[in-house]
Amino acid sequence: MNERVIFQSAVPLDNPYRCAGSLAAWQTEIGENVLGNSRLMLALSAGFAGPLLQPLSVEGGGFHFRGGSSTGKTTALQIAGSVWGGGGINGYVGTWRATSNGLEGIAALHCDTLLCLDEIGQIDAREAGQVAYMLSNGQGKARAGRGGEARKAAEWRVLFLSSGEISLAQKMAEDSRNRRVMAGQEVRIVDIVADAGAGMGIFEDLHGFTGPDALARHFKAAASRNYGHPSIAFLKKLVEDQSGNVERVAELMKAFQEKNMAAGADGQVSRVLARFALAAAAGELALEFNVLPWTSGDAFAAAKTCFDAWIVGRGGTDAAEDREAISVVRRFLEAHGASRFELVQGDLETPDQTIDTRVINRAGFVRVRNGEREYIFLPEAWKEVCAGMDPGRVARVLVGRSFMLTGADGKPQTKQRLPGISKSARCYVVSADILADD
Ligand SMILES: Nc1ncnc2c1ncn2[C@@H]1O[C@H](COP(=O)(O)OP(=O)(O)OP(=O)(O)O)[C@@H](O)[C@H]1O
Ligand SMILES: [Mg+2]
């Protein structure tokens, strides 16, 4: 029975789950000094959330800190990473500098714990979007074995923290094919502006340090001396009463969501709110376990500040596709409004508006009605305007904002008489107001 078993992994990766220093030193040097710093507190709270994903059956995903160089983004990741481990040159923090295949292995190694990926700028723009889905959905690519048989794909559940000078959307736009960021990708990697607005980068409270630079250096040094103990202390408490604790977290999450859900907000917002709620609840649980030296409500307050920053960053609580719908039509009219529309004669009320009638590559028609310009599109041209988005949805969004004329039935298509077409045709009519209104 005393057989000694040595596990030899096929994966030549370093084990990051090491311990150094002590929990008490970690609490004074890191835990106390992050107080009042919302981004750092969110990162730390999220650091404890990984083991709760499975018992709560909530989806994985990430928080991304975006901002200029030397604002403290990597420091935030290092602090959170010190919950789980460290050692080596970069401590617990990994990098985006990997292929999607490489990241599969790394994600699997961080299943149910915390994954920290620094410098999103380093991943290939063509892979960035897919990787966002892959990390959060928890499944690697299905591959065939040597004989063509299906091999089991790698699986994981992970909450990750990321940093970079640019957002996922900006990274993806670097690809020459310029694929649009899907709303689903933005929901999976929640983009938070690193600058907390206090003129000190990511920091808001310096705790007596001479400047943000000194505090950042202190945190880096502290995280390289003390790591690994917080997660062990947290997990010990968690398993003492697993079901009771999971119930407690669920209750905390619900409280956070109820408090912060804006009325009428889109489903994407509530999904992201759930991620913030999970981090907030994990932070509160860690403080109830006396692992984080904070007082009740601290983790909630920090998560709320960051959630508000996310809402401001995305431009409100509408669905991302709704905002994108307006912006694609706006972009099209800005680029082509003067050149690709044939004037519908007869309705021109303002005589000095002369429009060149030699239209090349016509996209639609333009007329002036009640002093307002209106752009008229036939259904096929409308698809071009929508640039890959669902044309019906774009039309409905515009109707909702009164930028599109509706028929008597309230539908977006209306019958119009157009030059060169003997019968009236079903068209989309967009008011030029769309160019003016925010
Ligand atoms: N908010 C800040 N204000 C001033 N200096 C800072 C701030 N944050 C970090 N620094 C300085 O920058 C150094 C690097 O910090 P950190 O690695 O966290 O930066 P970063 O935001 O990740 O930058 P980069 O985008 O270049 O990776 C720190 O050692 C510190 O000297
Ligand atoms: Mg950095």
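The values are calculated or read from the model by the stated rules, or taken from the named source; none is laboratory data. Bear in mind the structure is a predicted one, so any value in this text is a computation, not a measurement. Positions of Cβ are generated from backbone atoms using ideal geometry, with glycine treated the same way; all protein chains shown enter the neighbour counts.
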> Can you tell me which residues in segment 204-250 are within 12 Å of ligand 1 (Cβ to nearest atom) and basic (Lys, Arg)?
Replying inline: 217, 220
> Pick from 167, 224, 162, 176: which is within 16 Å of ligand 2 (Cβ to nearest atom), assigned by TED's automatic domain parsing to the domain that holds residue 97 and at pLDDT below 90?
Replying inline: 167
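Checking the condition more than 14 Å from ligand 2 (Cβ to nearest atom), assigned to a helix (DSSP H, G or I) and within 19 Å of the chain's Cα centre (by Cα), which residue from 77, 53 passes?
Numbers: 77 fails: more than 14 Å from ligand 2 (Cβ to nearest atom).
Testing whether each residue is more than 14 Å from ligand 2 (Cβ to nearest atom), assigned to a helix (DSSP H, G or I) and within 19 Å of the chain's Cα centre (by Cα) leaves just 53.
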> Do any residues in segment 154-169 that are farther than 29 Å from residue 55 by Cβ have Cβ atoms under 6 Å from those of residues that are part of a loop (DSSP other than H, G, I, E, B) and within 16 Å of ligand 1 (Cβ to nearest atom), where the two are at least six apart or on different chains, and which pairs are they?
Replying inline: 164/119
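Give the residue that is nearest to residue 279 (Cα to Cα), with candidates limited to residues of segment 131-155 that are among the hydrophobic types (A, V, I, L, M, F, W, C) and surrounded by fewer than 23 Cβ atoms within 10 Å (Cβ to Cβ).
The residue in question is 134.
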> Is it true that residue 63 is touching a Leu at 6+ places or on another chain (Cβ under 9 Å) and within 16 Å of ligand 1 (Cβ to nearest atom)?
Replying inline: yes
> Could you list, in sequence order, the residues of segment 395-421 that are out of contact with any strand residue (DSSP E or B) (no Cβ under 9 Å at 6 or more places or on another chain) and either among the basic types (Lys, Arg) or within 19 Å of residue 341 (Cα to Cα) (or both)?
Replying inline: 401, 411, 421
>> Considering only residues that are modelled with pLDDT of 85 or more and aliphatic (A, V, I, L, M), which ones fall in segment 405-425?
In response: 405, 425
> Could you say which residue among 67, 47, 62, 94 is over 23 Å from residue 228 (Cβ atoms), crowded, with 17+ Cβ neighbours inside 10 Å and in contact with a strand residue (DSSP E or B) (Cβ under 7 Å, 6 or more places away or on another chain)?
Replying inline: 67
> How many residues does segment 99-120 hold that are part of a loop (DSSP other than H, G, I, E, B) and more than 16 Å from ligand 2 (Cβ to nearest atom)?
Replying inline: 5
>> So, residue 61, is that one at positive phi, within 28 Å of the chain's Cα centre (by Cα) and at pLDDT below 95 or not?
In response: yes
